[in-house]
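See below for the structure under consideration.
The values are calculated or read from the model by the stated rules, or taken from the named source; none is laboratory data. Note that the structure is predicted; figures quoted are calculated from it, not measured. We place every Cβ from the backbone using ideal geometry, glycine too, and count neighbours over all the protein chains shown.
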Amino acid sequence: MTNEEFESLVRKLETKAEKNPESYRFKVLLLTALGYGYILFFLALVLFLLTISVLYLADGHFTFGSLKVLAITGALSFFIIKSLFVKMSLPEGYYLKENEAPELEKAISNISKKLKTPKIHAIVLDDDFNAAVLQHHKFGLFGPKKNILLIGIPLMSGLTREQFTSVLAHELAHISHSDTSFGAMIYRVRMTWANLMTSLEKNEQFGTFLFRKFIKWFYPRYSAHTFVMARQQEYAADAASAKVTSPETVRDTLCAISIGAQYYYEDYFEELFEEGSKTSVVPKPYSQFFNKSQKLDPAVAEAFLKNELAMASSVVDTHPCLTDRLKAVGMKSIIPQIGESAVDHFFANPDSILQQFNQSWFERNGERWEEQIASYNEAKNRLHELENSKELDLRSKFEKAMLTRNLVGYEPATVLLEEIISEYPDERIAPAYLTLGNIYLYKEETAQKGENFIRKAVEIDWELKEEALDTLGKYYYYTGQMEAFEETRAQLEAWPNILKQFEEESAALSLDDHYVPHDKAPEEVAAIADELSRHSEIVEAYLVRKVIELIPERKVYSLALTVQVPEDIDQVEYTDQLLGKFAQELEVAENIHFYILNGYEDFEKKVKDIEGSQILGQSEHQKHALLSV
């Protein structure tokens with residue numbers, strides 16, 4: 001089933017579930033029974049045949065055929081059971097020990113009583129900005145079951161006590177035995193089938209063919225049917241969380257997570273590296289996150305929140321979008337207020353736990369951090385050198401502006417970049433326009449100017465187009481301009497194919513090609529002619545510019561050669577050999593493609609007709625000398 005087919009099916013099923021929820025629930029229940037029934041039926045059938053084979057042999061009917069049946073049914077039974085009883089790995093992370101989080105255990109106990117949830121057997125901390133309840137079966141579909149609460153330290157660090165309590169209530173509601181019990185069951189079964197699919201993909205074993213094809217047919221359809229209920233379960237979990245805390249707390253939690261997650265994954269660690277470079281102090285990311293997230297620039301927080309609010313619910317994630325979740329609890333978005341960190345409240349010794357995560361992070365990133373320190377010191381020394389220089393050329397001035405931006409700040413860098421553009425209007429400094437445009441983008445009063453500067457940078461230098469599109473795409477995304485974002489993203493995704501097609505057209509030879517006079521400097525043309533004159537086979541050379549509409553501003557040149565071909569040698573074979581030789585020996589720029597004109601009279605005439613195209617021509621005496629060889 002393709003993604004489009006899956007999405008279409010989900011949309012249809014949502015309509016059916018809304019019209020007749022009881023009938024829909026019954027259908028999902030039947031599908032669940034079908035799935036388990038199919039597997040258990042074949043398992044029972046194979047075990048039955050195995051039992052018959054054993055009894056047949058025990059009764060004295062020993063033949064080669066009966067022994068073969070026993071071997072087949074025995075092997076089949078073994079591998080089917082083995083594929084179903086796959087040992088599932090426990091989630092990785094830090095497993096909380098007794099008394100390490102007494103307040104957390106107390107909160108879980110209180111919520112469990114209110115929501116009638118089963119016991120949580122383990123609490124695992126990891127470094128994701130997320131939380132989840134996992135139901136772990138020791139042997140795949142079967143075996144003892146453990147309920148595991150998975151908590152991301154960044155998530156917990158970035159929320160207040162009340163907000164994290166709301167998260168706990170939401171997650172525990174997923175396994176509740178209260179009025180959401182049917183949805184909770186579907187939530188669990190859905191995860192079980194996902195695990196079984198993963199197991200089958202990883203374990204190509206004999207015997208699994210009996211249900212592999214069925215599951216590949218069944219699971220996408222079951223997933224689509226249960227997707228609707230899983231989405232409903234998310235709303236139910238939010239509602240349960242609102243009962244345990246309050247709708248206002250749920251609102252604050254959802255908004256805080258929307259802002260914090262984007263900050264954590266997109267900006268936070270880069271900020272740490274920059275600060276660590278300047279101070280030479282080893283970052284403590286998990287100890288610092290709460291304070292830094294609470295001090296986040298309000299404009300940035302607002303942009304993050306606006307971005308989330310612009311998102312629509314999709315079939316990629318069972319979680320509804322932020323707008324739909326807020327609407328369901330009767331709330332509107334808000335920038336949450338600062339409060340006490342959940343980590344400080346729920347852990348007995350939060351510093352000890354956070355330090356373990358800090359240490360683990362440094363073991364993975366310490367080498368990069370040390371390189372950042374060295375790079376920063378080198379850049380600082382270079383900036384000091386440029387600031388003390390009395391005369392700087394254009395290149396040095398731009399380098400100074402970039403170092404100022406990275407080490408000092410955007411405001412002083414803006415002044416330097418504006419000076420460069422003003423002082424060198426004829427130079428058309430594309431990187432200066434791009435850098436300045438990027439700075440302007442993130443101020444509302446200069447955003448339009450920033451867009452114009454970025455587009456001008458691309459006009460000047462086509463090689464900056466990918467970076468420019470990426471910059472504009474992020475800006476549109478963060479500011480909620482989704483139509484512009486989608487258009488820019490489409491251009492960015494198409495760019496590699498355009499470049500590939502451009503390269504193919506650049507190297508190809510066709511009478512439909514459009515040529516114009518080259519614009520190379522005389523000294524550069526003289527250098528090319530001198531290089532060609534060292535090859536005695538070359539009689540004449542013509543240089544033209546080839547215009548390709550895909551990227552008309554990207555300059556590509558054709559160097560067309562006529563060569564002297566000895567009379568007793570096949571022309572095609574000889575010119576092919578020369579092309580191979582020239583490819584290795586001719587030192588020309590990458591954007592110059594060369595061809596041999598011999599045998600292509602129409603193309604030769606077209607090139608020769610371009611004004612100023614001939615850059616090399618041998619005398620009649622030299623031609624005669626070649627003919628006599």
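Some observations on this one:
- When segment 104-122 is filtered for residues that are in a helix (DSSP H, G or I) and of a type outside the set (D, E, K, R), the ones remaining, listed by number, are L104, A107, I108, S109, N110, I111, S112, L115.
- Count of residues meeting criterion [of a type outside the set (D, E, K, R) and either touching a Lys or Arg at 6+ places or on another chain (Cβ under 8 Å) or within 21 Å of N349 (Cα to Cα) (or both)] in segment 278-293: 8
- Lone unmet requirement of (1) within 28 Å of F502 (Cβ to Cβ); (2) assigned to a loop (DSSP other than H, G, I, E, B) for E604: (2)
- When segment 541-564 is filtered for residues that are among the hydrophobic types (A, V, I, L, M, F, W, C) and in a loop (DSSP other than H, G, I, E, B), the ones remaining, listed by number, are I548, L550, I551.
- Applying the set (1) at pLDDT below 95; (2) touching a strand residue (DSSP E or B) at 6+ places or on another chain (Cβ under 7 Å) to G158 leaves exactly one unmet item: (2).
- Selection status of R190, surrounded by 19 or more Cβ atoms within 10 Å (Cβ to Cβ), within 29 Å of the chain's Cα centre (by Cα) and at pLDDT below 90: yes
- Residues that are at pLDDT below 85 and either among the hydrophobic types (A, V, I, L, M, F, W, C) or closer than 11 Å to A132 by Cβ (or both), drawn from segment 167-186: I175, F182, A184, M185, I186
- Pairs, first under 11 Å from T318 (Cβ atoms) in segment 221-247, second surrounded by fewer than 21 Cβ atoms within 10 Å (Cβ to Cβ) and hydroxyl-bearing (S, T, Y), C-beta under 7 Å, six or more apart: F227/T318; A230/T318; R231/T318; E234/T318
- Scan of segment 552-576 for residues that are under 17 Å from Y595 (Cβ atoms) and without any contact (Cβ under 8 Å) to a residue 40 or more places away in the chain, ordered by number: Y557, L559, L561, V563, V565, Q571, V572, E573, Y574, T575, D576
- Residues of segment 334-346 satisfying the condition of being assigned to a loop (DSSP other than H, G, I, E, B) and crowded, with 19+ Cβ neighbours inside 10 Å: P336
- Of residues in segment 525-545 being free of Cβ contacts under 8 Å to residues at least 40 places away in the same chain and surrounded by 12 or more Cβ atoms within 10 Å (Cβ to Cβ), the one nearest to the chain's Cα centre (by Cα): R545
- Summed over segment 234-253, residues that are among the charged types (D, E, K, R), more than 19 Å from I335 (Cβ to Cβ) and buried (at least 21 other Cβ atoms within 10 Å of the Cβ) total 2.
- Checking T279, T318 one by one, the residue that is polar (S, T, N, Q) and within 25 Å of the chain's Cα centre (by Cα) is T318 and no other.
- If you filter segment 277-300 down to residues that are in a helix (DSSP H, G or I) and in contact with a helix residue (DSSP H, G or I) (Cβ under 6 Å, 6 or more places away or on another chain), you find that the one that is farthest from S157 (Cα to Cα) is S277.
- Residues that are within 19 Å of L305 (Cα to Cα) and within 28 Å of the chain's Cα centre (by Cα), drawn from segment 321-364: C321, L322, T323, D324, R325, L326, S333, I335
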